[in-house]
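The structure appears below as structure tokens.
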């Protein structure tokens, strides 16, 4: 489950940065609809997978809220990536 959440988190974070780059004028406004659609789907997947991973891993509501807020702060997905890598290493070593 963490592997899927990690991939979704990376794509969601990148899509968010792309949406912000449209606002800054770096990317043409012709792509706004497609970027918005992709980002919306990725965000819904992110939320669903974050809830699933949180339940499976036994994370507290505070951890889940931090992961949620990271989805709306630019570049915060990098911190989530580091956290998920740590959690995956913990799972592989058998520690809980």
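In whole percent, what relative contact order does the chain give with Cα contacts below 8 Å and a gap of six or more residues? Don't skip to the end; give the middle numbers.
Details: 66 pairs, mean separation 36.3, N = 96.
That works out to 38 percent.
Go ahead and run the numbers for FRET between residue 4 and residue 78, Cβ-Cβ distance against an R0 of 25 Å, rounding to 0.05. Could you put the intermediate results ahead of the total?
Details: r = 19 Å, r/R0 = 0.74.
Computed FRET efficiency for residue 4 and residue 78 comes out at 0.85.
Nearest 10 degrees is fine. How inclined is helix 32-57 to the longest principal axis of the chain, computing both from alpha carbons?
10 degrees
Place a point 7 Å from the Cα of residue 90 along the Cα-to-Cβ direction; which residues of segment 16-54 have their backbone N under 13 Å from it?
54
Is the shape of the chain rounded, prolate or oblate, going by the alpha carbon gyration tensor and its root eigenvalues a ≥ b ≥ c, with a/c under 1.5 for rounded and a/b larger than b/c for prolate?
Values: a/c = 2.56, a/b = 2.37, b/c = 1.08.
Taking the square roots of the gyration eigenvalues as a ≥ b ≥ c, the chain is prolate.
Every read-out reported here was derived from the displayed coordinates using simple, explicitly stated rules and does not represent laboratory data. All figures in this text were calculated on a predicted structure; none of them were measured in a lab. We place every Cβ from the backbone using ideal geometry, glycine too, and count neighbours over all the protein chains shown.
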